[in-house]
Amino acid sequence: MRATRPWAVGVGLGLALVACAGNTAPAGFLVTPRLAQTEAYGGWVELLVTGGARVDGELIAVTADSVWVLGRTAVTVVPVASVRQGKLTTTNAEVGNIVGATGLGVLSTISNGILLIFTAPLWIIVGTAAGSSQSYAPERRVPPLHWAELNGFARFPQGLPDGVSLASLRPKPPPRR
Amino acid sequence: MAARVVTMVVVVALALGCAHRLDRTLVSPRDAKTLDAKAPYLKAHLRSGYVYVLADWHADSGGGVIRGRGRLLDANRALVDSGEFRFPADSVALFETNVVRPSGANAAISVMAGVTATVAAICALSPKTCFGSCPTFYAPDSGGASLQAEAFSASIAPALEATDLDMLYRARPRGAAFELHLTNEALETHVIRFADVIAVPRPAGGRVFVTPDGEFRPATGLESPSRCDAAEGDCRAAVQGFDRVERYSAADSVDLAARETIDLEFAEVPEGEVGLVVASRQTLMTTYLIYQSLAYLGTQATTWLARLETGGPVARGFAGELGRVLGRIEVLVPDSMGEWRVAGSVGEIGPIAVDTKVVPLPATAAKPYRVRLRLTRGLWRLEYVAIAALGDAVEPVRLRPESVRHAGRADAAALRALREREQPLVTLPGDEYEIGYQLPADYGRYELFLEARGYYLEWLRREWLPEENAAAAVQLVLQPRDALRALAPAYKRQEAGMEHIFWNSRYARH
């Protein structure tokens, strides 16, 4: 039996160190940047409220003093003064594409002869770092941002419309299989 | 080749279309004339919570009217209407445009795709450049550790198993516990019978060198040449120190076996018996020729290598003929009539580690002491040449491994293999071992050598198979002089690039 190679240990350590971003959005809720151009839903927001409670759901609207979040059943209005941390995920990060390209890149190093000893681990290291970085790309956090800066990714970036009843708002339907 | 190109195209395509980011811009109705006309879609958010999602949209020159084709969605984003729309900008609460751009992560993937494609292209253009070479040994030196020996480079089959003795010239033990780092950095299977350190007491102010006959001779009063004349002119600067500055030449463009000479003079000659110290390594010519031989043998390579086993000394003699035609570095001195006579020869197969030997020279009262080196053009890199006074041969101390670590753990089986020699240590590409030795307590007073025995098996590469050519293979074995002339043009086309690619690939960890 052949023991683990030192570079493999290094890559494993690197993977452990550069963890990817995650979110609580239901599968299929976040769409790719291309699809987000033609959809009109808000991004997925996660709030950590004073006292430890967590609120998550679609960002319906946001102002300087309140955040409207549509959970799985109803809209919750959260005063920003009570929010310790907020994280908005705007789109699908497409990390899978980076992972796929990295996997194919590693396979492609068979064309590098013995030099794959260098290029294959390099692909894994660079691909892992790129995937990790990309996973954070669609995130917007408060702080450091201000709440008003998130309104572009709310369902109603213009603010909550006067004639819209919160009780009438329905969550984004799950994607059709 | 086709598969390689396809793979590269796919990787590059993936890299370019891999991941994206969305740049979103919100524009108030009064600024509608500033809308980004390049955005493929326009969202017009109404005060009612409804939203138009338009493609092929257009804002008139004043930004007062918006036209476009698309959908009108309600507050729950259910479809209300679709088709052509036209509405005044001031009926809108907020406009939204989006532009999708390649993600920054794509740049990293693109760079890696470029690196892989470049290496693949290099390997495709010159498959024999992407190679490795026999077991390599790293030893601690004054700057950390460096590659100091490559073992039994010529032993490319079991029948050619050999013992190899390498001076660890730059080794600087930091204690009696001495460790060598053994690696297999090539697509090869290495079979190692033993790897012993040979320690030889060093004279005060001198070194110990080994002769081609295997005698360990103390050397003192080392003197660099006062003159070094080669075809290109004065070569003293290149050979006067063990400083990684080497003297080398290009191969002959007509005959790879063509010779050249280098004339040396030593103004200062130590008293007593003297010897010429020569530190050298090969260029990539021999490795190229070995790989070309295997490429010519192609699918029949294993059959031919098996015949080395069954064919006895005659078969092995044929196999070694190519090496004999290429020759070693011959050391010549003038006799009493002024005719150049061969005093000995040095030179070990292998392009990676410098091999250092001493050739005893006949005593003479003539000054300056003249020495001529005769060697194949483009085959050798000379690192260091010096004349020294030689003492009587001394007995070395053989040190067997005391410990072996593999992947960070003690490897009892590998230690048993190297110490007891009943079963060899077999390593595969990428394997690394730390082999520990116990030097004498006054370790600083010893010259260290590595004596290793074994052989290695090349892994045949798919890209070699198209070159299968039985007639050319037979010519290399039976008529190597003709083969070296036939191969000269092909080798010359790659010669300069091979060195550059090989050493810049950092395949060898200098």
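Points worth noting:
- Screening segment B:55-90 for residues that are within 10 Å of chain A (Cβ to nearest Cβ) and within 30 Å of B:Ala19 (Cβ to Cβ) and picking the one that is modelled with the lowest pLDDT gives B:Ala55.
- Put simply, of B:Val269, B:Val200 the only residue that is part of a strand (DSSP E or B), among the hydrophobic types (A, V, I, L, M, F, W, C) and touching a Pro at 6+ places or on another chain (Cβ under 8 Å) is B:Val200.
- Subset of segment A:34-72 [more than 14 Å from every other protein chain (Cβ to nearest Cβ), assigned to a loop (DSSP other than H, G, I, E, B) and either in contact with a Leu (Cβ under 6 Å, 6 or more places away or on another chain) or among the hydroxyl-bearing types (Ser, Thr, Tyr) (or both)]: A:Thr50
- Take the conditions (1) modelled with pLDDT of 85 or more; (2) more than 8 Å from chain A (Cβ to nearest Cβ); B:Ala93 misses just one of them, which is (2).
- Residue count, segment B:152-182 (criterion: part of a loop (DSSP other than H, G, I, E, B) and within 22 Å of B:Gly241 (Cα to Cα)): 6
- Looking only at segment A:132-177, and only at residues there that are among the aliphatic types (A, V, I, L, M) and assigned to a loop (DSSP other than H, G, I, E, B), the one that is farthest from the other protein chains (Cβ to nearest Cβ): A:Leu145
- Residues that are acidic (Asp, Glu) and either in a helix (DSSP H, G or I) or outside the structural domain of B:Thr183 (by TED's automatic domain parsing) (or both), drawn from segment B:416-436: B:Glu420
- From the options B:Ala452, B:Ala414, B:Ala386, residue that is in contact with a Leu (Cβ under 8 Å, 6 or more places away or on another chain), buried (at least 18 other Cβ atoms within 10 Å of the Cβ), of a type outside the set (S, T, N, Q) and touching a residue at least 60 places away in the same chain (Cβ under 8 Å): B:Ala386
- Residues that are modelled with pLDDT of 90 or more, touching a His at 6+ places or on another chain (Cβ under 9 Å) and not aromatic (Phe, Trp, Tyr) within segment B:449-505 comprise just one, B:Gly454.
- Subset of segment B:32-52 [among the basic types (Lys, Arg) and either in a loop (DSSP other than H, G, I, E, B) or within 9 Å of chain A (Cβ to nearest Cβ) (or both)]: B:Lys38, B:Lys43, B:Arg47
- Residue satisfying condition, being at pLDDT below 85, of a type outside the set (S, T, N, Q) and out of contact with any strand residue (DSSP E or B) (no Cβ under 6 Å at 6 or more places or on another chain), within set A:Ala101, A:Ala93, A:Ala81, A:Ala130: A:Ala101
The values are calculated or read from the model by the stated rules, or taken from the named source; none is laboratory data. Keep in mind it's a predicted model, so treat the numbers as computed, not measured. No Cβ is skipped: glycine too gets one built from the backbone with ideal geometry, and neighbour counts run over all protein chains shown.
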